[in-house]
Structure formats: structure tokens, C-alpha cells
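Structure first, then comments.
The values are calculated or read from the model by the stated rules, or taken from the named source; none is laboratory data. Remember, predicted model here, so these are calculated numbers, not experimental data. Every residue, glycine as well, gets a Cβ built from its backbone with ideal geometry; the counts of neighbours run over all protein chains shown.
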Amino acid sequence: MPHDHMSPSGHPFRADDDVPLSYWQAMEIAVRELLIEKGVTTAAEIASQIDAMDARSPANGAQVVARIWTDPAFRAAMQQDASAATAAMGFDIGPMKLIAVENTDTLHNVVVCTLCSCYPRNLLGLPPDWYKSRAYRSRTVREPRAVLAEFGVTLPDNTEVRVHDSTADMRYIVIPTRPAGTDGWSRDDLARLVTRDSMIGTGRAKSPEGLAGTDRPT
Amino acid sequence: MTDNIPPFDGRRWHDMGGDTAQAVPKDQHDFSLWEKRVDALMILCSAKGHFTVDGLRRVLEDMPPESFETMTYYERWIASIGQNLVEAGVLTPAEIGQRMSEIQTRGATYGDATRG
Amino acid sequence: MGMRPVAEFVRVRADMPPGHIRTPAYLRGKVGVIERTLGPFPNPEQLAYRHTGTPLPLHRVRFTMQEIWGPQTETPHDTLEAEIYAHWLDPADAP
């Protein structure tokens, strides 16, 4: 089967889908087909849910960050009720509640879910594998600076590191500090500096020098 | 008699905050279509009220500790979804098992076996 | 159980119950301060077993790393915040 083969529903098979069918893959097919036959859901609904999932990416969160950097009223709204403020931008968090935690020159926030893998999916898409790993879940609450150093982030002693363990109904987005040399930049240009990792807390926003030449604002 | 196993203190294996561990692994896999379907089934079934994310998590936590190493993330999820749907009365083990047996005759790969 | 003022000192109960619990073990028995109160949210300990969840206040509690891990920890005055359901918190004296 060619690696670019599309499923009849229109979604592409990954190359690894050519490996022998596993027990759990057979279970997924069985559960999905039975649920459709029993009228619990439809193939179209499942495909639509996958499309919605694919459409969510860190670009959503980057838009929120760029707006916080440039719009004081929005920043205040985010501090008051981040769920409502982001919903007004079109990013609905559903029954969860969003909290935006802002980095400053003396405070660096980082988010983890020690108990499972809670993550602000509507703003950042699906979580990376490392976020769900035993090492990240175990170590970040105990030695956050060592973990951050593995991601290339080192912080001076006069900066407090604050770890947020996403244990219940809250979801967190870290608001990285706005890089220097970006005065007057458009919101879209600023959003390009905001990386996924900077919104989890394992990275910083890119500097203007960090953008590839063609990405720099004119 | 189980020698050399420390007495259980009540901390369950999934409750791993503070444990010692190695460097955070940075490799990232692309999500397969079947994994995205598992994720979608979870979202849809919970939205339709058949079970909650709490039930999903509870079944994941009740799996043996080695499952975290021997099963991938979405393998554990489909196992949990299946059990939650059985507990909800939506599916029976017999239905799932019989359909899986038929699926396993369709072909050698996921692409061969999936109809949609 | 119920509403608590921000900045009140609280101690996480050291109970070790069976079942689906959203209070991490590493915080049990530790003292922190209320950062804010949210909810109420239905109790996940009940939802996980297909029961109706009693609505409970959810408190964000801030701890110092020193309180959690002891004075030899990486950076004692770094902090950690977690969401703890009301029935897991008892009043505490300042440490």
C-alpha cells in the first residue's frame, strides 16, 4: 500500500499504518464500527472531530499571547476570566477553565500534569510526547530548573520558578515575556515569535534575530 | 509470600510527581489515523454522556504499572474507552470480541482492515 | 468545608485512600496558602465511578519547594501551585 494512500474518509494513513494490524488497532476499528452501527455516532462526525483536532495548533495560543502583549484591556480580561476572553476570540475551552500565567523578569512559570496529561488542547493542539513522559511528569515538580535546563532554559537565582500541576479542572497557558526589539510589530508578526514550548514554560519566545530571514517583518 | 517487596503505602503508580527519572525524552512521533480516531472517540463519547474523562483516567490508573511502558498512550486509551463503554452498557465484551475476530480476517494491516 | 479566604494557610490531608484521587501524593501533609478559589466543580472521585459528583469548591494552593521537598531542594523558594478539592484541606498554622 503506498504511503500516501488516503482512507475512504479522506484522512491520510501514516507510513507506519503498513505494519501488521495490532490487537489495539483491531479494537479501535471494532469500537468505532459498533458505535456507528448502534447510532451513537457517525463516520462523518468522527471525521469532523479529527479535522477539528488537526486545525488546533499552537498558532491559536500564539494569537492569544500576541494580543495580551499589545492590548491592555484584553490582558486585563485574561486575568479576570481567561476562559471567557479566549472564547470571545473563538477558542472555546468547554467545561474546563483556562488560567493564563504571565512570565515576568522575576517569575517564570512552567506547566505539568503529574497525574496524567491535562493540556490546553484548544489553544495548543495535542500535547507533545515529552509532556506525557514519565520523566517530565515525575521531575518537573521536584527539580524544575534541571528540567528547564534540558530544554535550554536557564534562569538566574533572582527569578522565581513557579510550577503549575494541572491536577483538576483548570488548564494553563504560560504567557512568555515579550522579546526586546519588537516595538510597533503587528500582532501577526509577534505571534510568529511565540513557540509552543514558550506557552508550556519549557521555552522562551523567539527574539527578532531568531526568525528566519523570510519571516522577519518588513 | 512476597519477599523483597516493600509494604504498600497507598501511593499508586500513576501518581508520579517527585519520582526519580532520567532525562526527558524529546523524540516525537506523528499521530496515526487510528490514534486520532481513538482521541476522537473519547471526545465524542464523553460529550454524548456515555462516560467522563474521570472514568477514562480511572481505568488508566487501574492498569498495571508495566502498561505505561508496554503500551503506547493511545493503546491505553482505546483499552480504557472500551472498558468504559462496557461499564456504560453501550457495548458488550462479546460484541467487541466478535467484531475484532472478524476484523482480523480482513487483511494484514490497519489500512486493509479499516472500512472508513 | 467550603469557602476559604485567599492567603489562608491550609494543610493537605495525609490520607491515602484507594481509588481515583486528584490530590497528588507528593503534596499530602504539606502546608500552603490559598491562591484563589474556583468552582464549584463536581467531585471527580465520584464521577470516575459513574456517580453524580457532589459540587465542591476547588482551591488553588501555593507551596514553596522547601515545604514540599525539604531545605536541601534545588531552589527552596521556588513555588508550586496545584488545584486541591476542598475536602482535602484542613486549616493550618503558618509554618
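Descriptive notes on the structure:
- Failed item in (1) in a helix (DSSP H, G or I); (2) in contact with a Ser or Thr (Cβ under 7 Å, 6 or more places away or on another chain), with B:Ala79 passing the rest: (2)
- Residue within region A:54-71 that is among the acidic types (Asp, Glu), at pLDDT below 95 and in a loop (DSSP other than H, G, I, E, B) present: no
- Top-ranked residue in region A:38-56 [being hydrophobic (A, V, I, L, M, F, W, C) and more than 7 Å from every other protein chain (Cβ to nearest Cβ); ranked as farthest from the chain's Cα centre (by Cα)]: A:Ala44
- Across region A:97-156, the number of residues qualifying as crowded, with 22+ Cβ neighbours inside 10 Å, under 23 Å from B:Tyr73 (Cα atoms) and of a type in the set (D, E, K, R) comes to 2.
- Residue in region B:73-109 that is nearest to A:Leu126 (Cα to Cα), counting only those that are facing chain A (nearest Cβ under 7 Å) and over 18 Å from the mean Cα position of the chain (by Cα): B:Thr109
- Listed by position, the helices (runs of 4 or more DSSP H) enclosed by region B:12-71 that each have at least 3 residues that are surrounded by 18 or more Cβ atoms within 10 Å (Cβ to Cβ) and free of Cβ contacts under 8 Å to residues at least 60 places away in the same chain are B:33-47, B:53-62.
- Residue within region C:38-50 that is under 20 Å from B:Met16 (Cβ atoms), assigned to a strand (DSSP E or B) and touching a residue at least 40 places away in the same chain (Cβ under 8 Å) present: no
For every residue, the table says whether it meets (1) under 30 Å from C:Leu58 (Cβ atoms); (2) not assigned by TED's automatic domain parsing to the domain that holds A:Val110; (3) not in a loop (DSSP other than H, G, I, E, B).
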residue	(1), (2), (3)
A:Ala149	no, no, yes
A:Pro156	no, no, no
A:His164	yes, no, yes
A:Val174	yes, no, yes
A:Arg178	no, no, no
A:Thr182	no, no, no
A:Asp189	no, no, yes
A:Met199	yes, no, yes
A:Gly203	yes, no, no
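- Inclusion of C:Arg60 among residues that are under 9 Å from the mean Cα position of the chain (by Cα), under 17 Å from A:Arg162 (Cα atoms), modelled with pLDDT of 95 or more and not polar (S, T, N, Q) is warranted.
- Applying a threshold of 6 Å to beta carbon distances and a minimum spacing of six or more residues, or different chains, the list of pairs starting in region C:10-33 at a residue that is modelled with pLDDT of 95 or more and ending at one that is of a type in the set (Lys, Arg) and part of a loop (DSSP other than H, G, I, E, B) reads C:Val12/C:Arg28; C:Val12/C:Lys30; C:Ala14/C:Arg28; C:Ala25/B:Arg11.
- B:Leu56 vs. criteria in contact with a helix residue (DSSP H, G or I) (Cβ under 7 Å, 6 or more places away or on another chain), away from chain C (no Cβ under 14 Å) and among the hydrophobic types (A, V, I, L, M, F, W, C): no
- Selection count where residues are farther than 19 Å from A:Ala55 by Cα and in contact with an Asp or Glu (Cβ under 9 Å, 6 or more places away or on another chain), scope region A:79-91: 2
- Some residue of region C:28-37 being surrounded by 20 or more Cβ atoms within 10 Å (Cβ to Cβ), within 10 Å of another protein chain (Cβ to nearest Cβ) and not aromatic (Phe, Trp, Tyr): no
- For region A:72-92, residues that are surrounded by fewer than 19 Cβ atoms within 10 Å (Cβ to Cβ) and touching a strand residue (DSSP E or B) at 6+ places or on another chain (Cβ under 8 Å) total 1.
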